[in-house]
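Input: a single structure, listed below in structure tokens.
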Amino acid sequence: MAQLIACAGPEGILLASDSRTEIFEASGEQHFITVERLIPIGTHAVAGSAGAVEGHDLCRDFASFAKDEGLTDMDALWEAAMPFFTGRYDEVMRKLCEKLPVDPLHNMYLILAGYSTKTPDPSRLFIIWNRPKPPKIEYNRVTNIFTLPRRLGLEFKLSQMLHQKAPLAEIVGVTKAAMEKLAGQDEYIGPPYRYFTITAQGVKEA
């Protein structure tokens, strides 16, 4: 499983991911490929994926959909996200079933993060995931911190930094060090590593 890290504070949001993804051929052969897990959407939002590789395709398609529809505001993006992901998920699963039997534990996790200048609570993090039974797609809003797989030590460290009102640049530095350490311990995590911040000034690669 890929590593996804998100941290949201008053100054903005940090999103981090690796790029290594495990795939299985119809023959059962397993190998790794590289995918771009974090996809900027407009000027103030980013979609990301972890788990099954098809999540990357959904994020990329949603970014194209948002561009075509002229969706830039975070509230408008979120209003469109659930219907979009629910419909596209059904299409993806049907195509998968045509190729090979689908593992019932075919886990897909998506994140939609954005900064809205229209609200007093500008940093928004939403997690979307699939289920084997209806409702097939669920979501939850995350207050501050999300890691997948869960990294409780890192979550605690980031929580402390938010409590101490650490600058976003410092949070970026700690996250980069943590990502490289995790990669040294887990063969399923690999470069290139991507880091994006989302602030009132927009999306920037850190």
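Quick notes on this structure:
- If you go through the stretch 147-166 and keep only what is exposed (fewer than 13 other Cβ atoms within 10 Å of the Cβ), out of contact with any strand residue (DSSP E or B) (no Cβ under 9 Å at 6 or more places or on another chain) and either among the charged types (D, E, K, R) or not in a helix (DSSP H, G or I) (or both), you end up with Arg150, Gln164.
- Some residue of the stretch 16-26 being closer than 22 Å to Lys157 by Cα and hydroxyl-bearing (Ser, Thr, Tyr): yes
- Scoring Gly202 on the criteria (1) at negative phi; (2) touching a residue at least 12 places away in the same chain (Cβ under 8 Å) leaves a single failure, condition (1).
- Qualifying positions in the stretch 129-185 - within 14 Å of Asp18 (Cα to Cα) and basic (Lys, Arg): Lys176, Lys181
- Taken as a whole, the stretch 1-14 holds at least one residue that is in a loop (DSSP other than H, G, I, E, B), within 22 Å of Phe146 (Cα to Cα), under 11 Å from the mean Cα position of the chain (by Cα) and modelled with pLDDT under 85.
- For the stretch 121-138, the set of residues classified as outside any loop (DSSP other than H, G, I, E, B) and either in contact with a Pro (Cβ under 8 Å, 6 or more places away or on another chain) or at pLDDT below 90 (or both) consists of Ser123, Trp129, Asn130, Ile137, Glu138, listed by residue number.
- Selection of first residues in the stretch 135-152 that are more than 14 Å from Thr175 (Cβ to Cβ) and of second residues that are part of a strand (DSSP E or B) and of a type in the set (S, T, N, Q), restricted to Cβ pairs under 9 Å at least 6 apart or on distinct chains, gives the following pairs, ordered by first then second residue: Lys136/Asn130; Ile137/Asn130; Glu138/Asn130.
The values are calculated or read from the model by the stated rules, or taken from the named source; none is laboratory data. Predicted model only: the values in this text are computed from it and were never measured. Virtual Cβ from ideal backbone geometry, glycine too; neighbours counted across all protein chains shown.
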